[in-house]
Amino acid sequence: MACFITLEGIDGAGKTSHLPAIAALLAEHGIDALLTREPGGTPLGERLRALLLDPATQATLDTETLLMFAARCEHVQTVIRPALASGRWVVSDRFTDATFAFQGGGRGVDSARIATLEDWVQQGLQPDLTLLFDAPTEVAHARMAGERQLDRFEQEAAAFHQRVRAAYLARAAADPTRIVLIRADQPLAQVRADALAAVAALLAAQGARA
Ligand SMILES: Nc1ncnc2c1ncn2[C@@H]1O[C@H](COP(=O)(O)OP(=O)(O)OP(=O)(O)O)[C@@H](O)[C@H]1O
Ligand SMILES: [Mg+2]
């Protein structure tokens, strides 16, 4: 059965760096995974991403949350579900845990409201495995610094990123079967090894079930 894997973590934690290695491990097992990201992953979603990340965009908390789920709805209905239904694995660089962490933890949107949108848009779809790349906010911030102009979320104060991190950790603690905590404040090669071990465990579990 095709699996859905998501990568999560605060801005700059070091998520996207590991996508190619994850894809390569899956390829070694004969799996041609679809690599995608949120917000984004569809033509409309990428346009919404540009708006959501633009520091010039002004949006209320509810509007921001709804736009995230509008992008996600398009992504789930036109990309993720069709891929999984056709037997193709999907790896997404961020998904709904990010909305609970950023809009919920970071901005203070009631998590029950986010859960309502999650039910509406996902209709029960959940990742089979989520890798949570966790690092102290100072470490992540230092990794982003100087790279490029910071986006609308990256520009937020340190306290915002600390709340986002805490919300991610709380979700991992509440769902340790799905969410595997990866210590991202280690050398890149070690973080990669830990991430690949978690994916290998999923592959082994799938093999055992087949
Ligand atoms: N474990 C690590 N040790 C040192 N540097 C790292 C590590 N992981 C990633 N980096 C570097 O930190 C920067 C950010 O990494 P990456 O783009 O993977 O993070 P990200 O979590 O995807 O960021 P964003 O939230 O902005 O998408 C890159 O320059 C990358 O090379
Ligand atoms: Mg990234």
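Throughout, read-outs are computed from the coordinates displayed, never taken from laboratory work. Worth saying up front: this structure is predicted, and the values here are computed from it rather than measured. Quick reminder, even Gly has a Cβ in these numbers, built from the backbone with ideal geometry, and neighbours come from all protein chains shown.
The chymotrypsin sites (Phe, Trp or Tyr not before Pro) of segment 58-96 include none that meets both criteria, a DSSP state outside H, G, I, E and B (loop) and at most 15 other C-beta atoms within 10 angstrom of the site's C-beta.
Panel order for Glu118, Glu46, by other beta carbons found within 10 Å of each beta carbon, from fewest to most: Glu46, Glu118. Distance from the alpha carbon centroid of segment 181-208 to that of segment 43-110 works out to 25 angstrom. A Cβ-based charge dipole, computed about the Cα centre of the chain with Lys and Arg at +1 and Asp and Glu at -1, lands at about 220 debye.
Per residue of the chain, the DSSP helices (runs of n ≥ 4 H) give a summed -39500 (n - 2.57) that works out to -15000 deg cm²/dmol at 222 nm. The trypsin sites (Lys or Arg not before Pro) of segment 118-162 that meet both conditions, a loop assignment by DSSP and at most 16 other Cβ atoms within 10 Å of the site Cβ, are Arg148, Arg152. In the chain, Cα pairs under 8 Å separated by at least six residues give a relative contact order of 32 percent. In order along segment 72-89, the Karplus-derived 3J(HN,Hα) couplings, from 6.51 cos²θ - 1.76 cosθ + 1.60 at θ = phi - 60°, round to 5, 4, 4, 5, 5, 6, 9, 10, 5, 4, x, 5, 4, 5, 8, x, 9, 5 Hz, and Gly and Pro are given as x.
The stretch between Gln58 and Gln155, if pulled fully straight at 0.36 nm per residue, gains 33.5 nm over its current Cα-Cα span. Taking amide H as placed 1.01 Å from N in the peptide plane, the amide H of Thr6 sits under 5 Å from that of Ser92, Leu129, Thr130, Leu131, each at least 5 places away or on another chain.
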